[in-house]
1. Of all DSSP beta bridges in the chain, what percent run antiparallel (nearest 5)?
2. Can you tell me, using C-alpha contacts under 8 Å and at least 6 residues apart, the relative contact order of the chain as a whole percent?
3. In a shell of Cβ-Cβ distance under 14 Å around ASP179, excluding ASP179 itself, what net charge do Lys and Arg (+1) and Asp and Glu (-1) give?
4. What pairs from LYS245/LYS327; LYS407/LYS487; LYS307/LYS541; LYS102/LYS494 go past 31 Å between their alpha carbons?
5. Hey, got a sec? Which chymotrypsin sites (Phe, Trp or Tyr not before Pro) in region 233-337 land in a DSSP loop and have at most 12 other Cβ atoms within 10 Å?
6. If you look at just the Cα atoms of region 63-212, how large are its Rg and its Dmax in Å?
7. Per residue, how many Å² of accessible area does region 49-95 show with a 1.4 Å probe?
8. List the chymotrypsin sites (Phe, Trp or Tyr not before Pro) within region 428-478 that fall in a DSSP loop (any state other than H, G, I, E or B) and whose Cβ has at most 11 other Cβ atoms within 10 Å.
Amino acid sequence: MTLLRVPPPLPKAIDLKRTYDAVIVGSGAAGGMAAHVLTSHGLDVLLLEAGKQIDTTAELHSLEWPYDHPRRGEMPYDRHALRGAEYAFRKPPYATKDAPWKAVHSYVQGWNGTDYTKNIVVDEKDHPYTGTNYAWVRARCLGGKTNIWGRLALRLSDLDFKGKSHDGWGEDWPISYADIEPYYDKVDLYLGISGNPEGLAHLPDSRFQRSTRLNAAEVMLRQSMAKSGRVLTPYRAGVTTDGLKHNKYRSRCFGRGGCNRHVGGCDIHAAFDSPTGLIYPALETGHLIVRTGSVAREVTVDPATGKARGVSFVDAASGQTMEALGKTVILAASTLETARLMLLSKSSAHPGGIGNSSGHVGHNFCEHVMGPGVDGFVKDLIGKPRTLDDGRPGGFYVPRFRNLKDKQKDFLRGYGFEGSSGTGMYPSSGRAPGFGAAYKKTVRDMAGATIGMGGFGEVLSRYENAVSIDPAVKDKWGVPVLRFDFKFGENEKKMAEDMANTAREMFEEAGIEVVDTDRHVLTEGWSIHELGTARMGDDPKKSVVTQHQQSHDVKNLFVVDGSTHVSASCQNPTWTIMALAWRSCDYLADELRKGNL
C-alpha cells in the first residue's frame with residue numbers, strides 16, 4: 001500500500017443549517033475515536049476543532065540533523081517556555097499581553113527540538129487561567145496533544161476499576177475490566193501497540209506487535225528486580241512496529257532515532273496521532289465533516305425538551321458566533337475543557353451548567369503526581385562501544401507493586417516508573433565534572449552507561465479538587481476561563497517519598513551507582529494526565545454520566561474524554577480513553593438507530 005504523505009484537504013465551507021447525526025467537540029484521542037466509530041456506523045458527523053489543521057508530516061522534521069538548523073532545533077528567542085520555578089512561585093495566569101515575548105508556551109517547550117512543535121502548543125497569552133498553581137499543557141490543533149504525546153499505552157485492571165472495594169477510598173467505576181477488554185483489543189488492533197506480555201493481573205497485556213528491545217543496563221535492572229517479584233518491561237508504546245495494512249497514512253516504526261530529539265511527535269506517524277490514525281480514515285467514509293477554527297463556548301439546549309440542540313462556537317478568525325446543530329452532542333474536548341464547556345452551558349433547564357444536576361461537574365479532579373526518581377550509571381558499561389538507543393519510542397516501564405496484596409501504612413494506591421538507558425544523540429553526562437577535552441571524553445565514555453527513571457503516582461479523586469469558571473477573566477475569544485482549586489494531599493506526598501526511596505533501593509540492589517535521587521514533587525499538572533470532573537457512575541446524585549458516558553440529565557449528550565474517569569490509577573490514560581469512547585459510541589449509534597435519543 002502506498003503511504004500518503006499529504007493530509008487530505010478540509011472543506012472551506014460548512015453547511016450550518018443542516019442537523020447532523022452527531023456534533024463532536026474536540027479532535028484528540030477521544031474526539032478522533034468518536035469520529036471513527038460513528039462514521040463506521042454510517043452516521044453523518046460534524047467535528048469541531050478550536051485550532052488549525054497542521055501538516056505534522058512537514059512540520060516535525062525528525063530526520064533533520066541539529067547542525068542543519070540555525071538554533072539546533074530550538075524555537076526562536078522571542079518565544080518563552082515557562083520554567084518549573086515560574087509554575088511553583090507565581091500564580092496563574094502565567095502570561096499576560098504585556099509579556100516581553102512574542103509567545104509564551106508551557107514547560108514542554110523547554111525540551112529538545114522545540115522549533116518543530118511551537119505551532120502545536122498554545123500561546124499562554126491567548127489562553128489564560130486562574131486560581132491555584134497548575135502546569136496546564138494544551139495543544140489547539142487538529143489532533144490536539146496526540147500530535148506530541150509520550151506514547152505510553154497502558155490498560156487499567158479491576159484493581160483500578162474497583163479501587164473502593166479494594167481499599168475503601170472514593171467510588172468504584174460502574175464497569176469492570178470484562179466490559180472494556182474487547183474495546184482495548186479493538187484499539188490495539190486498529191492503531192497498533194508494541195510491548196512484551198508479562199501476564200500481570202494488575203497491568204493486563206495488550207494485543208502486542210513486535211516489542212522494542214531492552215538494552216544492557218535495562219536488562220540488568222530487570223533481572224535484579226525480578227528477585228523481589230517486581231517487573232521491568234519494555235515500554236508499551238502506542239506505536240506500530242509491524243505496520244497497519246488498513247491505514248495508508250501511517251508507516252511502521254524504523255527506529256530512526258528522532259523520538260528523543262523532539263518534544264514529541266512522529267512525522268511518519270508510526271506513533272499514533274488522531275489525524276492519521278482516526279480522522280483522515282473517517283473522512284474517506286464520506287460521513288465526516290471537520291471544521292477547524294471553531295472555539296466552542298456553549299452546548300445549546302432546546303427549551304421545549306431540555307435536550308442538547310447543538311454547539312455554539314466562535315469562529316477563531318472572524319470572532320463571529322455560530323451554531324452547529326446535531327441530534328446528539330459529544331464532548332471530547334479534554335478533561336478540563338469539557339468541564340469548562342459544561343459549566344458555561346447554563347440555561348433555565350440547566351442552571352448549574354448542562355448535565356450538572358449532581359453538582360459534580362468540575363469536581364473529583366485527579367491526575368498523576370510526578371517528580372521523584374533516580375539517576376545512575378553502570379560502571380561495567382563505561383567506555384563500551386556505542387549503541388543506538390534513542391531510536392526507540394521509549395525505554396522501559398515498571399508497573400505498580402505497592403498496595404497489591406500488601407498494605408502500605410502511609411498511603412493508598414500505587415505508582416509506576418518510566419525510564420530509559422543507553423546512548424542517544426544528546427548523551428547524558430552522568431553529572432561528570434570538568435570541562436574541555438577531558439570532560440568530552442568522560443561524557444562519551446559514560447554515554448551508554450547512564451540510566452534513570454521517574455515515578456507516576458495516582459492522585460486520589462477528591463470532591464474538593466475542582467475547577468470552576470472565573471467570573472472576570474476571559475480568553476482571546478471572549479470565553480470565560482477556568483479557575484483552579486487543586487492541590488496534592490498528604491497521600492500524594494507520602495507516596496512521593498516512597499517513590500524516591502524505593503527507586504534508589506532498586507538501583508542499589510542492581511549494582512547501579514546512584515548519581516542523584518530526586519525527591520522534589522513537580523507542580524500539579526506536570527503529568528499532562530488530567531482526569532475526572534464529569535465522572536461516570538450509576539447514581540445520578542454522585543456522578544455526571546452513565547457507564548456509557550451518557551449524561552444522566554440530557555440523554556442525547558455524551559462525554560467521552562478523560563473527564564468521565566472515576567479515578568486516575570497510575571497508568572497513562574490515553575488507551576483507556578479511546579477504548580471507552582469506542583464502547584460508548586457503539587452504544588450511541590445503536591440507541592440513535594432505535595430512536596431512543
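The values are calculated or read from the model by the stated rules, or taken from the named source; none is laboratory data. Bear in mind the structure is a predicted one, so any value in this text is a computation, not a measurement. FYI the Cβ positions are ideal-geometry reconstructions off the backbone, even for glycines, and counts take in every protein chain you see. Note: accessible area is taken over every heavy atom of the protein model, side chains too, but ligands, DNA and RNA are not part of it. Shrake-Rupley method; radii C 1.70, N 1.55, O 1.52, S 1.80 Å.
1. Numbers: 49 of 74 bridges.
Looking only at bridges with both residues in the chain, the antiparallel portion is about 65 percent.
2. Values: 1493 pairs, mean separation 121.9, N = 597.
It comes to 20 percent, rounded to a whole number.
3. Local net charge: -3.
4. Numbers: LYS245/LYS327 34 Å; LYS407/LYS487 24 Å; LYS307/LYS541 19 Å; LYS102/LYS494 41 Å.
From LYS245/LYS327; LYS407/LYS487; LYS307/LYS541; LYS102/LYS494, over 31 Å: LYS245/LYS327; LYS102/LYS494.
5. Values: sites: TYR235, TYR249, PHE254, PHE272, PHE313; in loops: TYR235, TYR249, PHE254, PHE272.
Filter output for region 233-337: PHE254.
6. Over region 63-212's Cα set, Rg and Dmax evaluate to 20.5, 57 Å.
7. Details: 2690 Å² over 47 residues.
Normalised by residue count, the accessible surface of region 49-95 is 57 Å².
8. Numbers: sites: PHE435, TYR439, PHE456, TYR463, TRP477; in loops: PHE435, TYR463, TRP477.
When the chymotrypsin sites (Phe, Trp or Tyr not before Pro) of region 428-478 are filtered for loop state and at most 11 Cβ neighbours within 10 Å, PHE435 remain.
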